[in-house]
Structures are given as structure tokens and as C-alpha cells.
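The values are calculated or read from the model by the stated rules, or taken from the named source; none is laboratory data. Treat the numbers as computed from the prediction; the structure is a model and nothing was measured. As a convention, Cβ positions derive from the backbone with ideal geometry for all residues, glycine included, and neighbour counts pool all protein chains shown.
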């Protein structure tokens, strides 16, 4: 039971990623970092349901800061909630996520932007209650993005390195297409594959739809919902609020 709980939370944390034009509310991330000296702040919840358990991350906060050109720092501090068949809910602080996103190729008319986003999932949650992985683990992805007018497409993948008991190293990959529907609405759809990250448990492929309601340039509502169509059964969702800010750009004269 303890291992199964760890599996659930490991998947939920593995599906948290970042960025306004990528990442939340989707599982696939993008290579675009926060601008220098700018910040992003999220309050969100997300969940994963299977036939054997419910795992919910939330309330949680996410913060990103542009510390250098093309480079952002990343932090997620979550509350975790878990329930499996025959047990009650367990709640408490979960595993803390930290990372650095670095874009090493800027987008041009003919070339996409490309970046890396290594992350560590620090073992701050109680694995015995299903609120954490039990041991710090890592994700090493490469992401690619290209835009055409109101359309944006991005994706990539990488490796998850997890040596906790019952866990295993695995791959993951995803791709997404989204479109701005005017000034206030953005909608997208993705396919995300997560390899077998637990001994004896198959991987899964998930189809997801979602988007954002852009109240202003600096405040948005984010949402998505999806389910697996291959491998282990999952139903996933995300709902959050997003703020951004930083130094104002000087007006062109």
C-alpha cells in the first residue's frame, strides 16, 4: 500500500510543469522562460483518479523568476491529499519541486526556440502516508516551440530518474497545439506519454484539453481535463489562477 501511494503522488508531481504559454494547465511544457527580472505566480489544484486511488495536489503555489537572460528559477510548494481503496484521506505537505529553465536557442521565422528544464522533486512529503515519493528524484527534459500567428505548438520529452523503493527510471514525452481565440481565450489539446515509472505498473498515454481565460495581460484563469487512452487508467484535471509582473518596458518614441 505504501508503494502504491508513492506511485500516485509521483505521477501527480511528474505531471506538474510550468509556463503561461506552456506547462500549466497542460502536462507538456515549453522552452520559454520568464523574462529577465519578471515573475510568475500560480495558485492551483490538480488531480489524478484511477480505479485504485485519488490523488490531489492542492492548494499549491508555483513561482517562477527570470534571474538571467533566457533563464528562470522555478519552485512549487504543494499540499498533497491521497485516498486509496479501503482507506481514508491523508493530507499534508507534499514534495517540493525546484528547477531551472534555460532557453539556448531563440525562435526565428524559420527556426523554433529550444530549451531545457531540469527539475528536482525534493522528498519533503510523508511517503508513509502517500504524500511523497520517499526519496528525491529528477526530471531532465528538452522542449521545443514554434508559433505562427495565433497558433503555437510545442513539445518534447526526457528522462525521469527515480531510485526510491519500487520506482524505476522512465521516459516521458508530449506534444501540444493551441490557438488564441481573440484576446481573451486560448484553447489547446495535447497527447502526453508517461513510461512505466513503477515496478509492475504499466505506463500510460493521456489526451488532454484545456486553455486559459485571459482577463488581463497579467491575470488569467487556467483549466484542463483529460484521461488516458492507453495503459494504466487515469483521469486528470488542473484548475488555477495566474499572475505575472515585472519592470515595465519603456515606450517606443
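See the values below:
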| quantity | calculated |
| --- | --- |
| Residues of segment 216-253 that turn out to be out of contact with any strand residue (DSSP E or B) (no Cβ under 7 Å at 6 or more places or on another chain) and either without any contact (Cβ under 8 Å) to a residue 60 or more places away in the chain or crowded, with 19+ Cβ neighbours inside 10 Å (or both), as a count | 8 |
| Selected residue (criterion: modelled with the highest pLDDT) from residues of segment 170-204 that are assigned to a loop (DSSP other than H, G, I, E, B) and surrounded by fewer than 14 Cβ atoms within 10 Å (Cβ to Cβ) | 184 |
| Single residue of 92, 99 found to be part of a strand (DSSP E or B), out of contact with any strand residue (DSSP E or B) (no Cβ under 6 Å at 6 or more places or on another chain) and either touching a residue at least 24 places away in the same chain (Cβ under 8 Å) or exposed (fewer than 14 other Cβ atoms within 10 Å of the Cβ) (or both) | 92 |
| Yes/no for residue 223 being in a strand (DSSP E or B), closer than 20 Å to residue 58 by Cα and at pLDDT 95 or above | yes |
| Candidates 36, 75 - the one that is at negative phi, part of a strand (DSSP E or B) and in contact with a strand residue (DSSP E or B) (Cβ under 9 Å, 6 or more places away or on another chain) | 75 |
| Tally of residues being assigned to a strand (DSSP E or B) and either more than 18 Å from residue 197 (Cβ to Cβ) or touching a helix residue (DSSP H, G or I) at 6+ places or on another chain (Cβ under 7 Å) (or both) across segment 120-138 | 1 |
| Among the candidates 46, 145, residue that is buried (at least 22 other Cβ atoms within 10 Å of the Cβ), within 19 Å of the chain's Cα centre (by Cα) and farther than 28 Å from residue 163 by Cα | 145 |
| Some residue of segment 41-64 being farther than 29 Å from residue 235 by Cβ and either assigned to a strand (DSSP E or B) or in contact (Cβ under 8 Å) with a residue 12 or more places away in the chain (or both) | no |
| Residues satisfying the stated conditions in segment 150-168, i.e. more than 19 Å from residue 205 (Cβ to Cβ) and in a loop (DSSP other than H, G, I, E, B) | 150, 162, 163, 164, 165, 166 |
